Structure formats: C-alpha cells, structure tokens
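Undergrad: This structure is in structure tokens; I'll ask about it shortly.
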C-alpha cells in the first residue's frame with residue numbers, strides 16, 4: 001500500500017492545481033486498481049475536485065466564498081471572536097469547515113478516474129503564501 005506526502009507551496013488565497021503531480025505519483029506507484037485517498041493536514045485550506053478548463057469557474061468560487069465569509073475586520077464579521085492570528089484566520093477555518101479536507105478518487109489502469117474537465121486543487125483560504133502538506137494513500 002503506497003503512501004506519499006506532498007508539500008504544496010501556495011501563493012496566497014486561491015487555487016493551486018495538483019492534478020499532474022498526484023497523477024505522476026499514482027502512475028509510478030505500481031498499483032493498477034484501487035482507491036486513492038488524499039488528506040490535507042491543515043485547518044485553513046481545502047481540497048477540491050473542480051473544473052480545470054475554464055479558470056472563471058475557480059474565480060467565481062473564490063469570489064462567492066470571499067463574499068459569504070469576509071475577513072474578521074469587515075463590518076459584517078463583528079461576531080468573530082477568534083482574531084489572534086489575523087483577520088483572515090477565522091474566515092479560513094470557516095471555509096475549510098464547509099469544504100472537504102480529504103478526497104477519494106478511484107484508480108483504474110494505473111490512472112486516476114477523473115472526468116474530462118476535472119482537476120484536483122488545493123484551495124488556500126489564508127492571505128499569505130503557505131506550505132501545505134497532503135498525505136496520499138493508495139490501496
């Protein structure tokens with residue numbers, strides 16, 4: 001049962017596609033059929049399978065989450081009490097609570113069974129760049 005840890009550098013808020021990196025590892029794992037589990041070891045970002053053809057889909061997703069859950073220093077966020085790590089921290093935790101931090105993807109013929117327009121993304125919710133760890137398990 002192969003297991004791997006990926007370190008992903010983000011540029012700040014937004015999507016970082018990791019499909020190719022994960023696909024290379026799956027292809028070299030020696031496992032032809034199985035289930036890939038990806039688990040994100042953080043509480044202020046998320047993992048998503050999302051469209052990888054039109055970037056406006058990701059832009060719209062970013063915008064809706066920014067408008068639904070604004071920073072803690074915004075007037076609409078006066079109710080937020082956790083502020084010790086900056087105005088972006090608690091909103092990042094809320095977004096991560098609403099979105100997945102793990103994914104399950106079938107593997108057949110040594111390849112992930114993703115749809116034609118699907119890609120795997122780390123969705124960074126914090127304002128600054130971070131180094132994020134994802135543990136992959138293939139069985």
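Each reported figure results from applying straightforward, stated rules to the coordinates on display, with no laboratory input. Predicted model only: the values in this text are computed from it and were never measured. All Cβ positions, glycine included, derive from the backbone under ideal geometry; neighbour counts span all protein chains shown.
Undergrad: Could you list, in sequence order, all residues of the range 104-139 that are exposed (fewer than 14 other Cβ atoms within 10 Å of the Cβ), under 16 Å from the mean Cα position of the chain (by Cα) and not in a strand (DSSP E or B)?
TA: Result: 128, 129.
Undergrad: Can you tell which of 21, 85, 51 is surrounded by 12 or more Cβ atoms within 10 Å (Cβ to Cβ) and in contact with a helix residue (DSSP H, G or I) (Cβ under 8 Å, 6 or more places away or on another chain)?
TA: 51
Undergrad: Give the residues of the range 54-81 that are exposed (fewer than 11 other Cβ atoms within 10 Å of the Cβ) and in contact with a helix residue (DSSP H, G or I) (Cβ under 9 Å, 6 or more places away or on another chain), sorted by residue number.
TA: 81 - this is the single residue of the range 54-81 that is exposed (fewer than 11 other Cβ atoms within 10 Å of the Cβ) and in contact with a helix residue (DSSP H, G or I) (Cβ under 9 Å, 6 or more places away or on another chain).
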